[in-house]
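Presented below is the structure to which this report refers.
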Amino acid sequence: MFIKEIEFVNFKSFGKRVKIPFYEGFTAISGPNGSGKSNIIDGILFALGLSGSKTMRAEKLTDLIFNDAKSKQPEFAQVTITFDNSDRKAPVEADEFEISRKIKQTKSGYYSYFYFNGKAVSLTEVHELLGKAGVTPEGYNVVMQGDISQITAKMSPTERRKIIDEIAGVSEFDEKKQKSLAELDIVKEQIEKIDIIVEEVK
Ligand code: ATP
């Protein structure tokens, strides 16, 4: 599974509608300072609900709506991510699917909506779908500036090991193993109780 295209409408520095194609494997984005490279990453975090506004370098969510101080700020911003799913990593029976998020500013506050293939869904549903394809808010699918020094310099070897396990998908099995061992303990206890009763009956 990989990102095939991102469409921005009024998101951060992307006024109007901008479509950016991505390719299987490695896509590098280059451009002058302040041209909006990091805003593309912020768009991914926003559309997939992977982080709060601070990580997207905005004080509040509505700061993510395009604002050039020259014209009236648009009422909404929307980011749509098209995934190539030909490997069926996500549990969707189609070669591609779309996840989109719209934030709308009104006089009484703001509203945030998520869509799966154009149909309104909850953030939990987006997380459930992406989680099955190994994309999670806690995961390292998006590595931010500063994450590398955090991982290499500040973390203990055990914490680093945890990250590697998460990326490799081992931690999922660790959790299942812990759950099974806990269930086994309960069963052992029940067997002991039954053995005592059997002994008493004898
Ligand atoms: P660098 O190479 O320096 O890291 P970059 O290419 O990653 O830069 P970004 O940080 O993505 O650039 O973009 C910063 C630009 O986005 C700034 O010029 C900022 O004014 C603009 N920007 C951020 N939010 C908005 C917004 N809501 N409306 C319009 N422009 C915005």
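What whole-number volume per residue, in cubic angstrom, does the convex hull of the C-alpha atoms of the chain give? Mind dumping the intermediate values first?
On the way: hull volume 42.0 nm³, N = 202.
It is 208 Å³ per residue.
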Practice problem: Give me the distance between the Cα centres of segment 105-173 and segment 37-54, rounded to whole Å. | Solution: 11
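Counting other C-beta atoms within 10 Å, which of ILE6, ILE191 has the fewest, and how do the rest follow? Let's see the in-between values first.
On the way: ILE6 20, ILE191 10.
Ascending number of Cβ neighbours within 10 Å: ILE191, ILE6.
All other residues with a Cβ under 13 Å from the Cβ of TYR140 taken together, and with Lys, Arg as +1 and Asp, Glu as -1, what is their net charge? Show your work: numbers first, answer last.
Numbers: positive: ARG160, LYS162; negative: GLU138, ASP147, GLU159, ASP165, GLU166.
My count for the surroundings of TYR140 gives -3.
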Quiz item: Each label point is 7 Å from the Cα along the Cα-to-Cβ direction; what then is the distance between the points at THR152 and GLU5, in nm?
Solution: 3.7
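By how many nm would the segment from SER30 to GLU172 lengthen if fully extended, with 0.36 nm per residue of separation less the alpha-carbon distance?
On the way: separation 142, 0.36 × 142 = 51.12 nm, distance 3.54 nm.
Residue separation times 0.36 nm, minus the Cα-Cα distance, leaves 47.6 nm.
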Exercise. Once you've got the GNM for the chain with C-alpha springs shorter than 10 Å, pick whichever of SER13, SER38, SER156 has the biggest mean-square fluctuation.
Key: SER156
Exercise. Would you compute, from DSSP H runs of 4+ residues alone, the mean residue ellipticity of the chain at 222 nm, taking -39500 (n - 2.57) per run and dividing by the full residue count, rounded to the nearest 500?
Key: -10500 deg cm²/dmol
Exercise. Mind sorting MET1, MET144, MET56, MET155 by how few other Cβ atoms lie within 10 Å of their own Cβ, fewest first?
Key: MET155, MET144, MET1, MET56
Quiz item: Where Lys and Arg each count +1 and Asp and Glu each count -1, what net charge lies around ASP165 among other residues with Cβ under 14 Å from its Cβ?
Solution: -1
Self-check item: Dipole magnitude of segment 89-196, debye to nearest 20 (Cβ charges: Lys/Arg +1, Asp/Glu -1, about Cα centre)
Solution: 620
Self-check item: Tilt relative to the chain, helix 170-201 - C-alpha long axis, 0 to 90 degrees, to 10
Solution: 20
Quiz item: Of LYS60/LYS154; LYS4/LYS162; LYS132/LYS188; LYS70/LYS104; LYS54/LYS154, which sit over 24 Å apart, Cα to Cα?
Solution: LYS60/LYS154; LYS4/LYS162; LYS132/LYS188
Quiz item: Based on the Cβ-Cβ distance from MET144 to THR106, what FRET efficiency comes out when R0 is 30 Å, to the nearest 0.05?
Solution: 0.45
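Values quoted throughout were computed directly from the atomic coordinates according to the rules given, and no laboratory measurement underlies them. Not measured: the values here are computed from a predicted model. Using ideal geometry, Cβ is built from the backbone for each residue, glycine included, and neighbour counts are taken over all protein chains shown.
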